[in-house]
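Following: one structure in structure tokens, then a few remarks.
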Amino acid sequence: MSAKRQIRVWTAPIILGVLTSVGLISALVSDDAGDVLAWLTLAAPVAVCCWYAPRRQRSES
């Protein structure tokens with residue numbers, strides 16, 4: 001597997017992992033604006049899964 005392909009494959013999971021980490025830390029450390037940041041960053045992986053799950057099921061059939 002070439003280096004460009006590896007970067008392309010791992011970019012989205014790394015971004016989602018960083019967003020999740022920021023959201024969890026923000027939820028633990030701050031209030032008000034931090035809570036909003038936590039909700040948004042923790043909703044991102046859920047939104048991505050909801051976006052791609054129906055597409056994957058259709059393509060496998």
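Each reported figure results from applying straightforward, stated rules to the coordinates on display, with no laboratory input. Keep in mind it's a predicted model, so treat the numbers as computed, not measured. Glycine also receives a Cβ, built like all others from the backbone with ideal geometry; neighbour counts cover every protein chain displayed.
The table that follows gives values for the structure above.
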| read-out | value |
| --- | --- |
| For the chain, fraction of C-alpha pairs farther apart than 12 Å, in % | 72 |
| Paramagnetic reach from Ala47 in the range 20-34 [backbone N under 15 Å; point 7 Å along Cα→Cβ] | 20, 23 |
| GNM flexibility winner over the chain from Leu16, Leu37, Leu28 (Cα, springs under 10 Å) | Leu28 |
